[in-house]
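Shown next, in C-alpha cells, is the structure this report addresses.
The values are calculated or read from the model by the stated rules, or taken from the named source; none is laboratory data. Here the structure is a predicted model, which means the values were calculated and not measured. Every residue, glycine among them, receives a Cβ derived from its backbone with ideal geometry; neighbour counts consider all protein chains shown. All accessible areas refer to the heavy atoms of the entire protein, side chains included, with ligands and DNA or RNA removed. Shrake-Rupley method; radii C 1.70, N 1.55, O 1.52, S 1.80 Å.
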Amino acid sequence: MSNTPATDTTLHVRGACPHDCPDTCALITTVEDGVAVRVQGNPAHRHTDGALCTKVSRYTERSYHPERLLHPLRRNGPKGSGRYERVDWDTALDDIAARLGAIAARDPQAIVPYSYAGTMGQVQGEAMAGRFFHRLGASFLDRTICSSAGGEALLQTLGGKVGMKVEHFARSKLILIWGSNSIGSNLHFWRLAQQAKREGARLVCIDPRRTETADKCHEHIALRPGTDAALALALMHQLITCDWLDHDYIERHTLGWEGLRERALQWPPERAAEVCGVPVQQIVDLARDYGTTKPAAIRLNYGMQRVRGGGNAVRAIACLPALVGAWRDPAGGMLLSASGHFPVDRAALQRPDLLGARRPRTINMITIGDDLLRESSPGFGPRIEALIVYNSNPVAVAPESDQVVQGFLREDLFTVVLEHFQTDTADHADYILPATTQLEHWDIHTSYGHTDVLLNRPAIAPVGQARTNTDIFRALAARMGFDDPCFDDDDLALCRAAFGKAVDFEQLLDQGYATLAVPEAPFAQGGFPTPSGRCEFHSARLVAQGQDGLPDHLPNFETPGSSAHYPLAMISPPARNFLNSSFVNVQSLRDIEGEPLLEIHADDATPRGIQSGQMVRVFNDRGEYRCKARVSSRARPGVVNGLGIWWRKLGFDGTNVNQVTSQKITDMGRGPVFYDCLVEVAGEPAAA
C-alpha cells in the first residue's frame, strides 16, 4: 500500500475513520488516477473486520460533495444571510491575523476557540490549534458537550476512562446494553453481542426509547429519562438482600462498601419501579440475572448521562461489576470508554508550556449561547470579541439555540469558521476557511471503543484550495509573529509525537494500526488507577469538591409531572444516518432519514389529536421547533423522541431540536443536559 497520493495508477491507502464513534474503524481508500473512488473497512483490522456503517461507506460523497467549500470566503452580507465573496488565502489570513492581533493587544482572553469532535484525530484536532491558542493566550474551552459527566464519573469510580476489552463481549453470557442504540452507533460491538447471543447469551436493552437495538434484544427495560441511578441502586439492593455478592472481591478491591450498602438498601425495587416507571418484576428479574449469570457485562453509552444526575448514574452503574466480581473474567465488567488506556502525550502535541505564567479563563462550550451575550465583568472577564470555530457546528449542536444564534449574530463579534461545508455556523462567520477531509491529510487516532491506535494517511491531494487545520494555524501563527520552532513541525512529525516511544510508529506505517498492551482482564486482581488502587464506591475527591462521596439518584431538573404546561419529557437521540450534525447534507443519507421527526406514543398522541405524518410544534419556555410526528411504540408514554441533529437550515422554519434544550449542566463534569427537557407538543392543521 502506498505512502503518498499518486495521479496515474490505482492505489489502496490505509486510513482511519475520524468521526465521534467508539468503533474508530480502519479504512482502505481506493484511488484511481488521483481520485478516491471507494472507501471500505480494512479486513485485516480485527475490530473493523472489513465492515463500515452506511455513513462512512459513502465518505467519497462527502469529500466530493458538490457543495464542498473549495476556497476562502469573506462575508459580504448581514450575519446569518449566508452571503459571501471569494478571496485568496493571503487576503483572508492577513486580515484574520490583523484582527486577532488587535484584540489580543487588549486582552487575548477575548478570543475563544470552539471545537469538538468533528475529527477525533490528535493532529487535526487540537495539536497545532492548541499550540496556537496557548501561544496567543486565548481563553480555554471546556470541551464538555458529549461525554464529560460520564468521564468524570469513571475517573471518580474506576480511576479513568477504562474498562473491559470490547472483543471479550463475544464470550459474555449476559450483556446489559445500557443507554446505547448499538446497531446505529456501535456497529462492531453489536456484531460481538450478536455472536454472544448465538452462543446463548441473554441481551437486555435499558433505554427510554425502543430502539432498533431493543428490537433485537431478549428484553427491553423502558425506564424514564434520568432514572438510571435509581435502577442501578435497586439492582444493588437485590444483590445485597439475596446475597449475590462477591464478598472476597469487595473486601480486597473496593473502597466504601459499608456506605454504599446502606444507601442501596434504601432503594427496594418497589421504590425504583415508581421512579423509573417500569414493573417491579422487571427489576427483580434483572437483578437475579445479573447476580447469578457469569460472566456478565455492561455496555454503557453516553446518552444516559445527559441529565442533571448523569455523573451519579454512571458512578452507580460502574459500581455494579465490582459487587459481583464480574471483573475477574475477561468477558465480565463494564465498558463506557477505553480512551484512558491510550498514553497520548498531549503536552508534546499541544504545548501548554507556551502559555508561560498566563492562566486564561475557561468558557464552557455548553453555555456559549449565554456567554456570547455577556458583557465584561470581574467575574466573567472580557466580553468575547472573537470566536474561532473548527471541528464543530455550535449553531446546530449547542443547547438553547435561539440564544446561540443571537450571540453569533452580534455584528461586533469576529467569527472565523474552518469547515468542509457552509453549515449553520458557517452562515454566521466573517471568514470561512476550507478545510481538508480525512482523505486528504495525515492524522493519528485513539479509540473509546477498542484499544488500537490507528494512523491515517492522505489518500488524495486536497480538493480545491482546502488546507489542513494544522496548516491554517501554522499560517496564522507566522502572520502573528509566533516564531517558536514548534510551529514548524509538519503533520507527520506531529503523528510521531502523539505517543512518543509508547507505540511502535513503524508498525503504524507498515499496517495502519497497533494494539496497546492492555491486560485481558485488567481488574481481575484489582489494580484500578484510583488513588487507593480500588474501585471507589466512595470518592474522597468528590467530598473535597463538596459533593456526595457515594452515588445517588438525583432527579432531573425538569422532572415529568412537575409542570402543568410542559407534561412530556423529551430526549433527542441521533437519527440513525447522521452523526451529531455530520452527514446531514449528504443527500443519499438525508433521503433515508426523510425529514425531522418526533416519535410520540399513541397514549400521548391521541388526546392531542396528533396523527402520523402531521406537522407538530414542540415547545417550552426556551423556544419551539416544528417537525413531523410519527405515532410509534418506539416512544414510551410520557416521553417523546426528537430525532437529531438536523442542520437548522435543512429543517422546518430554520430550527432544530436544540431550540428547546437548556444550558444547565450536569452534577459532575460540567456536561450538557440535552435529555433533561420538558416540552408540550401540539398538532397543526393540515395545509389547505
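Below are the figures for this structure:
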quantity	calculated
Carbon + sulfur, % of accessible area of segment 380-450 - ligands and nucleic acids excluded, 1.4 Å	47
Theoretical gain in end-to-end length, Asp90 to Ala105 [0.36 nm per residue, Cα-Cα removed]	3.2 nm
Segment 469-576 - convex hull of alpha carbons, volume per residue in Å³	343
Residue-normalised accessible area of segment 1-146, expressed per residue, 1.4 Å probe, Å²	38
Segment Ala502-Leu373, length gained on full extension (0.36 nm per residue, minus Cα span)	42.0 nm
Cys residues of the chain counted as unpaired, since no other Cys beta-carbon is under 4.7 Å	Cys21, Cys53, Cys146, Cys242, Cys276, Cys319, Cys486, Cys495, Cys535, Cys627, Cys677
Extension gain from Asp353 to Thr292, taking 0.36 nm per residue of separation minus the Cα-Cα distance	16.8 nm
Accessible area expressed per residue, segment 373-433, with surrounding protein chains retained (probe 1.4 Å, Å²)	27
Fraction of accessible area attributable to carbon and sulfur, segment 1-121 (%, probe 1.4 Å)	46
Highest-first arrangement of 48-59, 385-396, 166-177, where packing means the average Cβ count within 10 Å	385-396, 166-177, 48-59
Packing-based ranking, highest mean first, of 496-507, 325-336 given that Cβ atoms within 10 Å are counted	325-336, 496-507
Burial order of peptide ranges 397-409, 560-572 (average beta-carbon count within 10 Å, highest first)	397-409, 560-572
Heavy-atom surface of segment 267-332, accessible at 1.4 Å and reported per residue (Å²)	26
Solution diffusion estimate, µm²/s, Stokes-Einstein, segment 239-359, Kirkwood Rh from C-alpha pairs, 10 °C, viscosity 1.306 mPa s	93
FRET efficiency, Glu251 to Asp621 (Cβ-Cβ, R0 41 Å, nearest 0.05)	0.20
Contact order relative to length of segment 1-138, as percent, for alpha carbon pairs under 8 angstrom and 6 or more apart	15
Over 30 Å between alpha carbons, listed pairs Lys79/Lys161; Lys79/Lys664; Lys501/Lys664	Lys79/Lys161; Lys501/Lys664
Apportionment of accessible area to carbon and sulfur, segment 305-348, percent (1.4 Å)	42
